[in-house]
Amino acid sequence: MRSAISLIFFSVFILIGSSAWAGKPINNLDGQVPPQLDGEPRGLEEVKTAVITACSKRGWMPVIVGPNDIEAEINVRDKHFAKVKIHFTPETYSIHYLDSKNLDYDSADQTIHRNYNKWVILLGRSISRGFSVQTQI
């Protein structure tokens, strides 16, 4: 009886523990660019600058690949790598997964290590924060 209870607890522990390490759905982020104080949309260069500044502050290496597109890479402890595409207009921006290494990416399930999603969320927040700083000036 005692060994059966131990086996049940062990099985539950393994099940819960493995779900904590399981991949999470990839978080592709879509954000709004707030208008200027006068209600006019921001300029494309202003949006590009906000994206590049946010990337740099968060440790992402941005590369301009088109008039409305930036690809950004991050290397964490020379072990984990992620690459995203950031598309932007005067009204919106989006961050979409491109590639990764050592982040348990599963192309069939479209899942990845939870830290990737955290990095993308923090990058999106930094981009949005950049507009609020520019608005207050």
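Of note:
- Segments classed as strands (runs of 3 or more DSSP E), wholly inside the range 19-120, with at least 3 members that are surrounded by 19 or more Cβ atoms within 10 Å (Cβ to Cβ): 69-76, 80-88, 92-101
- Summed over the range 1-53, the residues that are hydrophobic (A, V, I, L, M, F, W, C), more than 18 Å from the chain's Cα centre (by Cα) and at pLDDT 90 or above give a count of 1.
- Close pairs (6 angstrom Cβ cut-off, 6 or more residues apart or separate chains): under 18 Å from Asp104 (Cβ atoms) in the range 115-129, modelled with pLDDT of 95 or more anywhere: Tyr116/Ala82; Tyr116/Leu103; Val120/Ile95
The values are calculated or read from the model by the stated rules, or taken from the named source; none is laboratory data. What you see is a predicted model; the values in this text were computed from it and never measured. Quick reminder, even Gly has a Cβ in these numbers, built from the backbone with ideal geometry, and neighbours come from all protein chains shown.
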